[in-house]
1. Quick one: count up the residues across region 125-151 that are modelled with pLDDT under 95 and either of a type in the set (S, T, Y) or touching a helix residue (DSSP H, G or I) at 6+ places or on another chain (Cβ under 8 Å) (or both).
2. Would you be able to say whether some residue in region 92-109 is closer than 25 Å to P183 by Cβ and open to solvent by less than 10 Å² (accessible area, probe 1.4 Å)?
3. Looking at region 23-48, which of the residues that are among the small types (G, A, S) and surrounded by 19 or more Cβ atoms within 10 Å (Cβ to Cβ) is nearest to D218 (Cα to Cα)?
4. Please verify whether region 224-245 includes one or more residues that are in contact with a His (Cβ under 9 Å, 6 or more places away or on another chain), free of Cβ contacts under 8 Å to residues at least 40 places away in the same chain and over 26 Å from E158 (Cα atoms).
5. Please work out which residue is surrounded by the fewest Cβ atoms within 10 Å (Cβ to Cβ), limiting yourself to region 73-91 and to residues that are charged (D, E, K, R) and farther than 17 Å from I136 by Cβ.
6. Here is a list: F32, F47. Which entry is at pLDDT below 90 and of a type in the set (F, W, Y)?
7. Looking at (1) open to solvent by less than 20 Å² (accessible area, probe 1.4 Å); (2) in contact with a helix residue (DSSP H, G or I) (Cβ under 6 Å, 6 or more places away or on another chain); (3) part of a helix (DSSP H, G or I), which is the one condition that is false for H256?
8. Here is a check on your reading of the model: is S276 surrounded by fewer than 18 Cβ atoms within 10 Å (Cβ to Cβ), more than 30 Å from Y13 (Cβ to Cβ), hydroxyl-bearing (S, T, Y) and at pLDDT 95 or above?
Amino acid sequence: MATGQIRQLLAGYYDVATSDGTIYRTRARGNFRKRGITPLVGDFVDFQSDNQEEGYILEVHPRKNSLVRPPVANIDRAIVVTAAAEPDFSDNLLDRQLVAVEEMNIEPVIYFTKTDLLSDEQLAHLREVAAGYRKIGYQTLVPDDAFAPAALAELSAEFTDHLAVFMGQTGAGKSTLLNHILPDLNLATGEISQALSRGRHTTRMVGLHEINGGLVADTPGFSSYEVFKMPANELSHFFPEFLAASADCRFRGCVHINEPGCAVKDGLEQGEFMQSRYDNYRAFYDLIVNQKPDYRKNKK
């Protein structure tokens, strides 16, 4: 028995990489379905194989997190691809994305695209916004040209020792950015399809590619951020700057709305926090409070 990480899911086959870089093609054990287990790309697994072409996954190790879209497990970083223009930059959408990432314990890297479409004044304002996110602790990149070699090199440095996925709004350019980061992606896909001899009927879901000492998923995801699943009183846990300040609030469990002695509201008045972040927090809080319960999950 050996241990490795699933790097590719293709037509029911799992390509598992061991620590020495050897790839083994495997299938999942039949009892996984009965146990409600679906192996995902990124999973660490125990497997048995007599050769590199025929093997079986025996056990899936516990995950630290997992996504549905793309279906990847054990993610360290999310590249939050954010349009500076066309569509216009939305701090509300960016904060929604950051809450989604924080909830899954994934470290975000904010990467602005389409900055070349901004005027000098608009670009200067965007850099001020970016500085605010950096103050919170978020790595934030504002390249003059999102696809310039220097910008791509700066982004690639963020992959080292991490498993990363791309996320972002429609039209932000995440697929184009991913193709620039992985220029041989189409070639690699064709080679794998040919190797399996399944031609045009091959169903390829997602794979991980090595880049600068790390791994990146070749399928972008995270297109919807409409639902907040956490209780309203836990929302502030996913705003790091508010969570840190809450230790100084007068009341334990302060939600930073109407309570007296609130360190978050005091910090906001003193200019310590971004007004847009607090406004979005309030908007998200109200959305959660006013959300209608979904009883479908309790139906038999």
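1. 4
2. Filtering region 92-109 down to residues closer than 25 Å to P183 by Cβ leaves 108-109.
If we keep only those that are open to solvent by less than 10 Å² (accessible area, probe 1.4 Å) as well, we get 108-109.
Scanning region 92-109, I find at least one residue that is closer than 25 Å to P183 by Cβ and open to solvent by less than 10 Å² (accessible area, probe 1.4 Å), so the answer is yes.
3. Step by step, filter region 23-48, then rank; the result is G42.
4. The answer is yes, given that some residue of region 224-245 is in contact with a His (Cβ under 9 Å, 6 or more places away or on another chain), free of Cβ contacts under 8 Å to residues at least 40 places away in the same chain and over 26 Å from E158 (Cα atoms).
5. Kept after step one, since they are charged (D, E, K, R), are these residues of region 73-91: 76-77, 86, 88, 91.
Applying the additional criterion that residues be farther than 17 Å from I136 by Cβ yields 76, 86, 88.
Numbers: D76: 18, E86: 11, D88: 9.
Filtering first and then ranking leaves D88.
6. Details: F47 fails: at pLDDT below 90.
Exactly one residue qualifies, and that residue is F32.
7. (3) is the only condition that H256 fails.
8. yes
The values are calculated or read from the model by the stated rules, or taken from the named source; none is laboratory data. Please read all numbers here as calculations on a predicted model, not as lab measurements. Every residue, glycine as well, gets a Cβ built from its backbone with ideal geometry; the counts of neighbours run over all protein chains shown. Calculation scope for accessible area: heavy atoms of the full protein, side chains included, ligands and nucleic acids excluded. Shrake-Rupley method; radii C 1.70, N 1.55, O 1.52, S 1.80 Å.
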